[in-house]
């Protein structure tokens, strides 16, 4: 395990079981960058179950908040530009990442991805 993707600053931004064009770098599970990604505590030990549960809950809740924002915008109760610039950047970045992941199942890929 883990293959990682990195953000523009070089920090680990995602961890994956398999390599793909956006996450080709393999790191040992106890690498310092992996530990930092998990907030300094590696998942896996019995003492970390609450942390893992909270992390999963946070990820799900983030998606709920994004969906609520989309509904508010769709119903014209909120405009995207009403949100702070940093919030807009994060939302657009997450939407872009999801679009790239959704596209990773495409049958047509660039030539440089073909082995």
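Observations on the structure shown:
- Its residue count N fixes a reference of 2.2 N^0.38 Å for region 1-42, and the Cα radius of gyration divided by that reference is 1.03.
- Length added when fully stretched, residue 33-residue 64, from 0.36 nm per residue minus Cα-Cα: 8.4 nm
All of the numbers you see were taken from the coordinates with simple rules; none came from a lab. Just so you know, these numbers come straight off a predicted model, no measurement behind them.
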